[in-house]
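Contents: one structure, followed by commentary.
The values are calculated or read from the model by the stated rules, or taken from the named source; none is laboratory data. Not measured: the values here are computed from a predicted model. Glycine gets a Cβ as well: all are built from the backbone with ideal geometry, and neighbour counts include every protein chain shown. Note: accessible area is taken over every heavy atom of the protein model, side chains too, but ligands, DNA and RNA are not part of it. Shrake-Rupley method; radii C 1.70, N 1.55, O 1.52, S 1.80 Å.
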Amino acid sequence: MFALVDCNNFYASCERAFQPQYNNVPVGILSNNDGCFISRSDEAKKLGLPMGAPEFKYRQFCKDNKIKVFSSNYALYGDMSARVMNILGTFTPNMEVYSVDEAFLKFDGFESYDFDAYGREIQQTVQKCTGIPISIGIAPTKALAKVANKIAKKLKTRTGGVYVIESDERRIKALKWTKIESVWGVGRGNLKRLQTRNVKTAYDFTQLSDEWVRKQMAIIGLRLKKDLEGRPTLDLDDDTRDKKAIATTRSFENTYSDIENIKERISTFATSCAEKLRNQGSSCNYLVVFLRSDRHKKDEPQDRSSLIVTLPYATDSSLTISNYAVKAVVSIFRPGIKYKKAGVIVSGLVPTNARQLDLFLSENPKHHKLMQVMDGINDKYGGQKMKIANQDLERTWKMRQKHLSPKYTTNINDIIKVK
């Protein structure tokens, strides 16, 4: 059996865990730089606050409806997520952390367990230890666990936040209840194809022939169909798989129209990508650099430029990647444009210990040792104690966070005081 554990309104729940005065009060959480709403409490959803709503458009709406607004507090959310995942790991040795607020659990050898009771024990333990409410769906496959979780969450008053699909009767009932557009893994393209076959529910999907599904949705679609039929084809993912591309992109705190500030940002983003490459033992053959103006300011000149750079050799050196990234951004920069966002993406990744060497052109061998020393010092002392010279040594990336709550669990100065 598989379980999908999903933290309810996770960001809002983290804020409420330390500020219980906002329980039963509508809460909205903003994205980076306080741009748009990325999480809402149930109360805020009922008031009509849309997901992704721009903050400046809904500022008065929030005031009128007394919606408590928070800036994203990723230090708090990351730490609370780790605590929840650690607790979940005590209930089974087989777990896949699917996202910051979701995890799949696999119960091998639990045949004699009462899964409804076990699910409620998990739910109560997480709630008691962290204050985070969770919903749990348990079923024979991952896709059905997703369906069960949705039922547990949508019908909370009847299910108590835990729902188990343990019989074929329950499976069919659940699939008939689930709209096809809500099924995990059915994207827009597949949805259009399924609608042409008059497929409206997950149950309708399971009634299609295997041949049609394989032809129209490839092997991934066929596996999803089998999973929904109760035959497991999807196992826990190995989260140690290396990434195929690595990106560091950010919106600036303010707009920049000078090349020096942008060069510094690009160098910092390139350095971040290089560090991630070294962490997974990869080197890159290509990099993409892009610049974006503020698309919301339609009365100002706009620009959305990017450049792909082929590197002369595979590398994980911060010095090399930063150097090429800065040259690229200088070539696409246009004077007079107020830039709001930039990014660096590295791709064409190969294992560093198996990269193709070139007889005439290769990395300076000193870079490897230098990167080892920099990574070692930064790991030991935390933060970015060592940077390359074209980064601003005094600067750390700062988001606009007018509504930021304290870092209760990660900053000694923000620990709650009991009077």
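Of all the criteria given as (1) surrounded by 18 or more Cβ atoms within 10 Å (Cβ to Cβ); (2) without any contact (Cβ under 8 Å) to a residue 40 or more places away in the chain, the one not satisfied by Lys68 is (2).
Inside the range 48-65, residues that are basic (Lys, Arg) and buried (at least 19 other Cβ atoms within 10 Å of the Cβ) make up a count of 0. Do we have any residue at all in the range 14-25 that's among the acidic types (Asp, Glu), in contact (Cβ under 8 Å) with a residue 40 or more places away in the chain, out of contact with any Lys or Arg (no Cβ under 7 Å at 6 or more places or on another chain) and in the same structural domain as Asn149 (by the TED database)? Within the range 14-25, one or more residues are among the acidic types (Asp, Glu), in contact (Cβ under 8 Å) with a residue 40 or more places away in the chain, out of contact with any Lys or Arg (no Cβ under 7 Å at 6 or more places or on another chain) and in the same structural domain as Asn149 (by the TED database).
When Val344 is tested against (1) surrounded by 13 or more Cβ atoms within 10 Å (Cβ to Cβ); (2) at pLDDT 90 or above; (3) in a helix (DSSP H, G or I), just one condition goes unmet, and that condition is (3). Scanning the range 1-47 for residues that are open to solvent by 10 Å² or more (accessible area, probe 1.4 Å), among the aliphatic types (A, V, I, L, M) and touching a Leu at 6+ places or on another chain (Cβ under 8 Å) turns up just one, Ile38. Residues being under 27 Å from Glu102 (Cβ atoms) and in a helix (DSSP H, G or I) are entirely absent from the range 246-257. Of all residues in the range 367-391, those that are touching a residue at least 40 places away in the same chain (Cβ under 8 Å) and open to solvent by 100 Å² or more (accessible area, probe 1.4 Å) total 1.
Rundown of residues vs (1) more than 21 Å from Asn149 (Cβ to Cβ); (2) out of contact with any Asp or Glu (no Cβ under 9 Å at 6 or more places or on another chain); (3) crowded, with 18+ Cβ neighbours inside 10 Å, yes/no style:
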residue	(1), (2), (3)
Gly189	yes, yes, no
Arg214	yes, yes, no
Met217	yes, yes, yes
Ile220	no, yes, no
Arg223	no, yes, yes
Asp227	no, yes, yes
Leu234	no, no, yes
Ala245	yes, yes, no
Lys263	yes, yes, yes
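Grab the helices (runs of 4 or more DSSP H) fully contained in the range 1-108, keeping just those with 1 or more residues being polar (S, T, N, Q). Once the helices (runs of 4 or more DSSP H) in the range 1-108 are filtered for at least 1 residues that are polar (S, T, N, Q), what remains is 10-18, 59-64, 74-88. Among the residues of the range 279-321, those that are surrounded by fewer than 19 Cβ atoms within 10 Å (Cβ to Cβ) and of a type in the set (Lys, Arg) comprise Arg295, Lys297, Lys298, Arg304. Step by step: first the residues of the range 392-419, then only those that are under 27 Å from the mean Cα position of the chain (by Cα) and modelled with pLDDT under 75, then the one that is farthest from Asn33 (Cα to Cα). Which residue is that? Step by step, filter the range 392-419, then rank; the result is Arg395. Taken together, Gly376, Gly336 contain a single residue that is in a loop (DSSP other than H, G, I, E, B), in the same structural domain as Arg304 (by the TED database), more than 23 Å from Ala245 (Cα to Cα) and modelled with pLDDT of 85 or more, which is Gly336. Take the conditions in the same structural domain as Ser31 (by the TED database), in contact with a Cys (Cβ under 9 Å, 6 or more places away or on another chain) and open to solvent by less than 60 Å² (accessible area, probe 1.4 Å) and apply them to Ser135. Does it pass? Against the criterion (in the same structural domain as Ser31 (by the TED database), in contact with a Cys (Cβ under 9 Å, 6 or more places away or on another chain) and open to solvent by less than 60 Å² (accessible area, probe 1.4 Å)), Ser135 qualifies.
For the range 161-217, a residue qualifies if it is farther than 16 Å from Thr141 by Cβ and among the aromatic types (Phe, Trp, Tyr), and the qualifying residues are Trp177, Trp212. No other residue among Glu121, Glu102, Glu96 is open to solvent by less than 20 Å² (accessible area, probe 1.4 Å) and either free of Cβ contacts under 8 Å to residues at least 60 places away in the same chain or of a type in the set (Asp, Glu) (or both) apart from Glu96. If you go through the range 324-340 and keep only what is touching a Ser or Thr at 6+ places or on another chain (Cβ under 8 Å) and open to solvent by 80 Å² or more (accessible area, probe 1.4 Å), you end up with Arg334, Pro335, Lys338.
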